[in-house]
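One structure below.
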Amino acid sequence: MSKVVVDKMAMQRALTRITYEIIEKNKGVNNLVILGIKTRGVYLAKRIANRLQKLENKEVPVVQLDITKYRDDVKHTADDPKVADDDKISLDNRNVILVDDVLFTGRTIKSAFSAISELGRPDNIRLAVLIDRGHRELPIRADFVGKNIPTSRTEKIKVQVNEIDGKDSVEIIDK
Amino acid sequence: MFNNEIKKVLILGSGPSSIGNETELDSAAFQMMVALKKNGIKALIMDNNPFSLTMTEIQSANTFVKEINLKNVLEVIKKSKPDAIIPTVGGLRAIHITQELMNQGILRDLNVKVLGISESALKTVNDSNRMKTVIQQSDEPCIPSKIVNNESEAFDVVRQIGFPVIIKPINQKDSVKRKVCKNTDELSYFLENTFDEQNKKCIVEKSVVGFKQIEMVGIRDENGTKILVNGLENVDAVGVHSGDSIVVSPIQTLTDIEYQNLRTATFKIMENLDIVGVCHLQFALSAKDNLYFITKINPLVNQSTAFSARATGYPLVYTCTNLMLGKQLNEIQLPEKYNHLTAVMEPSLDHIVVKIPIWPFENIPQASQRLNTVMKSVGSTIGVGRTVEEAMLKALRSSQFSPRDVLPSMKNLDNDELINRLIHPQSNRLLVLIEAIRRGYQVDDLEELTKINQFYFYKLKKLLDVEKLIVNHPMELNTIEHAHQFGFGDGMMAETWNIPIQKVRDIYHQYNEYPTYKSIESSAGELEQNIESFYSSFEKENESHKESQKTALVIGRGGNKLGPNTAADYYTAEVLIQLHKLGYKTVIMNNNPNALSLSPQISDKQYIEPIQLGDILNIIELEEPVRVFVPGNRHFLMKQLKKYTELNVQILPPDQDTGVILPKNVSYALNFFVTNDTNYFISSEKLISNLNNDLDHVTNYEMPYIGLDYYQLTKNIKEASAHIDQSNWIGLVQILFNEKDNGESEYVGIRPLRLTETIFLSKATGINWIRELVKFYTKRFDSKIIDKLNTNQNRITTMRATFPFKQLNIHIDHGNSSQEIGAKLKFRLNE
Amino acid sequence: MATRYLILEDGTSYKGKAFGSQATTTGEIVVNSNMLGYQEIITNQIYHNQIITFTQPSIGNTGINHKSFESIITNAKGIIVREYSNISTNRLGNLTLDRFLKQHNIPGIAGIDTRELTHRIRRNKSMKASIVDVNDEHAFDQLNAAVLTNQQVKQVSTKAPFPNTGDGYNIILIDFGLKYGILRRLAELDCNVIVMPWNTSSKEIMDLDPDGVILSTGPGSPNDLPESVLNMIRETQEKLPMFAMGLGHELFALANGAETYKLKVEHHGSNHPIRQIITNQIIYASQSQGYAVDPKSIKHDQLLITFIDLVNGTVQGIRHRDFPSFSVQFSPDGGPGPEDTVDLFEEFLENVSSQRR
């Protein structure tokens, strides 16, 4: 059984609001870099950057962040992917917005911090997530939340984005 | 994002006209072709409808005269290698073929895209289960129904959804018919007696018979911008097919809350189906509570979308063509006469449009006249006005074909029959409703009997009040002013007062009162634009002015009936195009919402008015045309117009009431183009009757007639020429011959070449004879064209009329030419 | 129906048929191009001082029903239609438009070439008009001499606070000429609403410990309201999420350093494409405005432009850079008009919930 908890309109609205909140907190888009955690976080990051661009008329860089090699639950090999697709980017003294689709235990974000450290030393890092489903195992909290969706541990949250899934939605799936 | 990969597209045509498909699809295909060209895209078309303007206007190398079926479409795709096919202007047949091509993976293999309809929308057409899923996914209501196995389950469902319910057999092939059950007894009885003891499996569905019918037409672009182009209110309730219902636009009897619910529902469905282009939805609304259901989803061009374009003035097809190429609503460059914002403004109307259907029962008396969920009307007319009454009366005047402008009376109906017809609608619905009011039926009772909103009875009542005023206060300015406000014509007053129409006109003209023409545009007067489409009113401001010193007025055929009517409309369109080419400013007068001849691209100005003397004179007085063309025979109208001797009126083909006695039996004909000094032989033609050799039943034609040997032909030509010389006929003339039993043939008659055969002759010879006729009657004919005549005897062209018998659920073996609804064209080689 | 006249400041006179109240009336003439929803329009408080011309020619078809009131007291000065129906065919009530107008002392005039009138109004600047029994020189003199009040908000706003209870967020709604659609949408979202008078101070608001503040639509010019209203907005937006609409939007803009101007032609309808800047999407909304925020006056370090009308280029929405406060020129609740913008109420509540975390 699956149930749609966020539809297309609600997802757009959430991203819109997160965008405005980023402008509020960051006082504009100066010095901003958006890091999207692969895979769906990247698309969300791009959409946020696109919205910022429309509002402020300024290009905001988006970096794809691959955290697989920092995960403590994955076996590592020598040919692990690079952390970021963009080699030129340095995060030194930048304001970083880290974007992911779902915030759950917090372990992904912890890995992302390690990955970020390879790219420089940002002034600050803020976290934006589309869904916060609770059940944190680490002291991490999001600065920008699209929607809080209380879940049981056994439920699964499925985020779909139009760019790869052909539609925008968030569903809860009963295991 | 504009799609640059598409360079060549194949448009699937609609095939011969049928019930539910007149000329609107060809008109849409034509407008689409124009828009494609503007975008630098090559359009190919496939159709076997001889009366298609699109087929004529596209270079013959890019047209495929073939019946639209899977095999032929596939063949054409393989041969012509288009980048995409467009099925949305070909009706359901084209959609089904495209579904099949997609299901079989053929389009993917050949790398051919489908334009104008999304994959999910395509799959939904005619698949009620999928439609239900789409509606539910969109969180919108569809008619509740459930499969049950026994009586107790059936009652479980009824307790949920309430009576009345429709019980449908599961297996369509079951001999069991569906039945509406209004109460417990009916349901029990039906279940007990219809199904066998063991198997009571059936579908229980909520019945929405008697609900209000509303239609919505929306468009959407790739970016998700959605516009509601038009809302259509069906005056008749669910139970009568919307094509057989009187329709009013904009919607009159809903509150804004109800209206917005339906608008939002329309958008949700379009979003779900990823529509890029047009979508037409139908709704059933409960008259008692706020309940509504979505009953149909049509993601294609049909008569409701055509009506909407005509009613709003919104350039629907042009816009949709751009949308399907990937443009967004705010990026579309409309033709010059529109404001650049028109495409992206949601239409708001300051006029009212009423549509009244026309049924074929006069020509096919065998068919049941009872209206139900299967469409029976073959045409319709619209009236446009500034009040509901005015629009309604104009539509009615247009639909009745009474040149005298008075409404046929229903006073011969006895009371039982009247009540019967109120409950069980038949053709001429509006006249029956008027008769009921005349007899003093109360509005509440009428609403109960007919399920028609009392608003409309209130309006009809006002019309009758004015009729009374006309009768009781003749020849008064005040009466005429009132009558005009409510859409009555001068002819009706002249008839009632028993005076010449000119006298009626003099009464108000001397007070300097003239009709004011208002533009049919979609911004309610907000945007400045030069849309040349008008309707009359009697108000303060006139927006239509004399077009030019060299104007030609063409009087259209009005609503479609059986017989040569779709052909006549195509003929009219060709006349307009040629007149324009000859340097005339063209003005068309018509009232058929589906008319090809009203497509804005083919005339300089359009008047949507009743085709009656008073209305014609009004336009003539304003436009002062140097020529008036009347395609098709309309004796009474011609007789009236001929009284105005200063008018240069030409009827095409020439009037036949000059004493032609037509033979009973014929077998072939010779066709000539006759000028004042020469008879040009053009072609022989085999006339195939489906009842012996009866002329009335000639509905099948072959050209040339290969059964004539050279000797016989030469002899016949000589004989024919002699007959022509003795007659006064000029233009296209047909000489009829009959083959006797002994094999000899004899001359049996002479007549002007009929509309349909003129078109057929054009297809067979490769010369557009309608255009030549127009040149001839405007003294611009050049006989050199005859040299271009294709004398190739190897190609045989056939045209076979089609009939609506199957759609009307009757069996007639020998259809006659007055029962034709369309025709099929075919070329074959003479082996 | 008696013959009466519509006379305009430019000297034009129209002969028509009277319905509704038979009073003589004077007001500013405006055009509304919505096709349905005459009841919502006539009962909208923004039409205080104004005579409404309907472009949809047939008005009154469904009578008056209890669901379509945008206020109980109606302040329009008159209505002008092509054709008027004295019936009630809706299933929600039996009151006809004619009776309703008589009850509220609003005159109507029918049989007018409203299309011509619309063209005339669009060509001219805003004009005064009267519906009168006699169209003589005296009537025109009276019309020209008439001065319309600029104290509309004071006249229409509630004098004392009142609640519209719910179990959800605690929302303060400042009444500048409250449109009931706002209450309906907030009720759907289960808000606990307290409606307060136009001159409420920020302290009075904060004393009620609310979660958010809404500024309602209303009649007239934003410049006719005193500076204290702007101070209320400035002080409140720093502490609470704010959502303003119509007149409220204009005030929100003024409070944040922008300026407003009177439109040459008022716009009342729902057919204009409005672009949402952030998504590039085009939506349609119920618009009724006589004033607009001047885009040149917007201080870009304080405000972001969020919506633009593609027809006349007017600013249709702004948002504060530093606070979760935003405003729209149109009526997001519809009534009458599209529901495309209803989710702005949800957006507002998401701001509220995001602040509360």
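Read the figures in this text as sums done on the coordinates, not as results from a lab. As the structure is a prediction and not an experimental result, all values here were calculated from the model. All Cβ positions, even for glycine, are placed from backbone atoms using ideal geometry, and neighbour counts span all protein chains on display.
Observations, loosely collected:
- Only one residue of B:ALA573, B:VAL649, B:SER523 has its Cα farthest out toward the positive end of the dipole of the stretch B:516-652, where Lys and Arg carry +1 and Asp and Glu -1 on Cβ, and that residue is B:VAL649.
- Rg to Rh, two decimals, where the stretch B:213-347 supplies the alpha carbon set and Rh follows Kirkwood: 0.97
- The stretch C:174-331 - percent relative contact order, Cα under 8 Å, separation 6 or more: 21 percent
- Exceeding the 32 Å Cα-Cα cut-off - candidates B:LYS78/B:LYS686; B:LYS686/B:LYS784; A:LYS46/B:LYS78; B:LYS394/B:LYS775; B:LYS37/B:LYS78; B:LYS605/B:LYS664: B:LYS78/B:LYS686; A:LYS46/B:LYS78; B:LYS394/B:LYS775; B:LYS605/B:LYS664
- Beta bridges by DSSP in the stretch B:603-703, antiparallel share as percent, to the nearest 5: 75 percent
- Helical segments meeting 18 Å axial Cα length and Kyte-Doolittle -1.0 threshold in chain A (DSSP H): A:8-26, A:40-56
- Across the stretch B:668-829, the relative contact order, built from alpha-carbon pairs under 8 Å that are at least six residues apart, equals 23 percent.
- With neighbour counts taken as other beta-carbon atoms within 10 Å, the residues B:ARG108, B:ARG386 rank, fewest first, as B:ARG108, B:ARG386.
- Under the criterion of Cα pairs below 8 Å and six or more residues apart, the relative contact order for chain B equals 11 percent.
- Using the alpha carbons alone, the radius of gyration of the stretch B:668-829 stands to its Kirkwood radius in an Rg to Rh ratio of 0.97.
- The fewest-to-most ranking of B:TYR458, B:TYR259 by surrounding Cβ atoms within 10 Å reads B:TYR458, B:TYR259.
- Distance from the stretch B:7-51 to the stretch B:638-652 (C-alpha centre basis), Å: 35 Å
- With both residues required to sit in the protein assembly as shown, DSSP beta bridges show an antiparallel share near 65%.
- Remark on the stretch B:8-115: hydrodynamic radius 13.5 angstrom, per the Kirkwood mean of 1/r across alpha carbon pairs.
- Anisotropy class of the stretch C:152-356 from Cα gyration tensor, a/c 1.5 cut: rounded
- Environment charge of B:HIS241, counting only residues whose C-beta is closer than 14 Å and scoring Lys/Arg +1, Asp/Glu -1: +2
- Computed helical MRE - 222 nm, chain A, DSSP H runs ≥ 4 contributing -39500 (n - 2.57), nearest 500: -9000 deg cm²/dmol
- In loop segments of the stretch C:117-206 as defined by DSSP, the trypsin sites (Lys or Arg not before Pro) with at most 12 further C-beta atoms inside 10 Å of their C-beta are C:LYS125, C:LYS159.
- Surface/4 estimate of mean projected area, convex hull on alpha-carbon atoms of chain B, nm²: 37.3 nm²
- Estimated [θ] at 222 nm from DSSP helical runs (n ≥ 4, -39500 (n - 2.57)) normalised by residues in chain B, nearest 500: -10000 deg cm²/dmol
- In the structure shown, the pairs B:LYS177/B:LYS461; A:LYS167/B:LYS66; B:LYS268/C:LYS154; C:LYS67/C:LYS154 are assessed against 31 Å; a Cα-Cα span above that value is assigned to B:LYS177/B:LYS461; A:LYS167/B:LYS66; B:LYS268/C:LYS154.
- Global size of chain C as Cα Rg and Dmax, reported in angstrom: 20.1, 67
- For the protein assembly as shown, the convex hull drawn through the C-alpha positions has a volume of 213 cubic angstrom per residue.
- Pairs from B:LYS146/B:LYS168; B:LYS411/B:LYS468; B:LYS503/B:LYS643; A:LYS54/C:LYS264 whose Cα-Cα separation, in the structure shown, is over 18 Å: A:LYS54/C:LYS264
- Under a 5 Å amide H cut-off, with hydrogens placed 1.01 Å from N, B:VAL276 pairs with B:SER118 among residues at least 5 apart or on other chains.
- Around C:SER126: net Lys/Arg minus Asp/Glu count, Cβ-Cβ under 13 Å: +3
- Ranking of B:PHE673, B:PHE827 by neighbouring Cβ atoms within 10 Å, starting from the fewest: B:PHE827, B:PHE673.
- Under the convention that each Lys and Arg Cβ holds +1 and each Asp and Glu Cβ holds -1, the size of the dipole of chain B around its Cα centre is about 1660 debye.
- Lysines with Cα under 22 Å of B:LYS71, excluding same-chain neighbours fewer than 8 positions away: B:LYS8, B:LYS79, B:LYS81, B:LYS113, B:LYS123, B:LYS824, B:LYS826
- Per-residue ellipticity at 222 nm, computed for chain C from helices alone with -39500 (n - 2.57) per DSSP H run of at least four residues, works out to -6500 deg cm²/dmol.
- One Cα centroid belongs to the stretch C:296-357, the other to the stretch C:128-149; the line between them spans 39 Å.
- Residue mean of other protein chain beta carbons inside 10 Å, C:46-58: 3
- In a reduced charge model with +1 at each Lys and Arg Cβ and -1 at each Asp and Glu Cβ, the protein assembly as shown shows a dipole moment near 1920 debye about its Cα centre.
- Overall form of the stretch B:476-576 per C-alpha gyration tensor (a/c, 1.5; a/b vs b/c): oblate
- Fraction of beta bridges assigned by DSSP in chain B that are antiparallel (%, nearest 5): 75 percent
- FRET efficiency, 1/(1 + (r/R0)^6) with R0 56 Å, evaluated for B:GLU448 and C:MET206 via beta carbons: 0.40
- Loop sites in the stretch B:197-254: trypsin sites (Lys or Arg not before Pro), DSSP, at most 16 other Cβ within 10 Å: B:LYS201
- Cα centroid separation - the stretch B:257-330 against the stretch B:711-749, whole Å: 56 Å
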